[in-house]
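First the structure, in the form of structure tokens, and then the observations on it.
The values are calculated or read from the model by the stated rules, or taken from the named source; none is laboratory data. Quick caveat: nothing in here was measured; it's all calculated off a predicted structure. Here Cβ is always computed from backbone atoms with ideal geometry, including for glycine, and neighbour counts include all displayed protein chains.
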Amino acid sequence: MDVIRTRLAQGAREARGLVVIVDVFRAFSCAPFLFHYKVQKVILEADPEKASALRSEHPDWILMGEVNEVPIRGGDLSNSPSEILKKGEGFFQGKTVVHRTTAGVTGVAAAMESAREVLLGSLLTARATARYILEKAPERVTLVAMGSRGQEAAPEDEVCAEYLEHLLTGRPHSPVAALGDILFQVTARKFLYRERPYLPPEDPVLCLQRDLFDFVLAAEREKTSGCIVVRKR
């Protein structure tokens, strides 16, 4: 099994084989909590206008996400795992969620053009994801660290990709060093400044929990609607 590390929007476009799109802060840390709260379906829509249109067509659906970190217009909540926890299971159970983000969701949409299979990557599901990959034993695995807005490398995504590579290949990895790499950088500290209400300080605490969930999230193109949907495996 050939494990390749790449990054950012270009890396997503060029990814081949079984692809893991990593977005720790915060898209694919939100997704596991949504399934923990028993959503019926999660639709990933990269285009914010189309995401809003889906909500308009289906008023009972939940719209969440952001555009360059600013909450999506008309949404029920932002791209925030702590907001999901505050809403609670009753808000999500049995519902369809439309999720739009600048890095993770757009990365999945790009990767699906050429990948054989696309998984959602986060620290929350890393060990389960690695186990799934090892069981499938694909010839090629591409780990894409999406970074900040898909344009600039972010330490939390690089650390998650490194951890996945460690689980897949045995390459050395230090969890303590990883925390140091993340916590003193702006991608984490911007949540702690409390300058923007849509960047709550609780989010990094939730996003940095390792192996909290024992399931895998995969993205697939739904034949009937053409939408990208997330399935739990």
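Data for the structure
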| item | result |
| --- | --- |
| Qualifying position, being under 18 Å from the mean Cα position of the chain (by Cα), surrounded by fewer than 17 Cβ atoms within 10 Å (Cβ to Cβ) and of a type in the set (Lys, Arg), among LYS38, LYS50 | LYS38 |
| Residue within the stretch 80-90 that is of a type in the set (A, V, I, L, M, F, W, C) and either without any contact (Cβ under 8 Å) to a residue 40 or more places away in the chain or under 15 Å from VAL108 (Cβ atoms) (or both) present | no |
| Residue tally, condition within 17 Å of PRO81 (Cβ to Cβ) and surrounded by fewer than 17 Cβ atoms within 10 Å (Cβ to Cβ), over the stretch 195-232 | 11 |
| Residues located in the stretch 192-211, provided they are among the charged types (D, E, K, R) and within 30 Å of HIS166 (Cβ to Cβ) | GLU202, ASP203, ARG210, ASP211 |
| Some residue of the stretch 9-27 being aromatic (Phe, Trp, Tyr), surrounded by 20 or more Cβ atoms within 10 Å (Cβ to Cβ) and either without any contact (Cβ under 8 Å) to a residue 60 or more places away in the chain or out of contact with any His (no Cβ under 6 Å at 6 or more places or on another chain) (or both) | yes |
| Positions within the stretch 61-76 being surrounded by fewer than 16 Cβ atoms within 10 Å (Cβ to Cβ) and either of a type outside the set (Val, Ile, Thr) or without any contact (Cβ under 8 Å) to a residue 24 or more places away in the chain (or both), in sequence order | ASN68, ARG73, GLY74 |
| Residues being in contact with a strand residue (DSSP E or B) (Cβ under 8 Å, 6 or more places away or on another chain), surrounded by fewer than 24 Cβ atoms within 10 Å (Cβ to Cβ) and closer than 29 Å to GLU152 by Cβ - total across the stretch 77-117 | 8 |
| Residue within the stretch 125-145 that is touching a Gly at 6+ places or on another chain (Cβ under 6 Å), touching a residue at least 24 places away in the same chain (Cβ under 8 Å), charged (D, E, K, R) and farther than 27 Å from ILE182 by Cβ present | yes |
| Condition check for ALA161: of a type in the set (A, V, I, L, M, F, W, C) and in contact (Cβ under 8 Å) with a residue 40 or more places away in the chain | yes |
| Test result for ASP23, over 21 Å from MET146 (Cα atoms) and of a type in the set (D, E, K, R) | no |
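Conditions tested, residue by residue: (1) out of contact with any His (no Cβ under 6 Å at 6 or more places or on another chain); (2) at pLDDT below 95; (3) among the aromatic types (Phe, Trp, Tyr).
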| site | (1), (2), (3) |
| --- | --- |
| LEU120 | yes, no, no |
| ARG131 | yes, no, no |
| GLU162 | no, no, no |
| ARG196 | yes, yes, no |
| ALA219 | yes, no, no |
| SER225 | yes, yes, no |
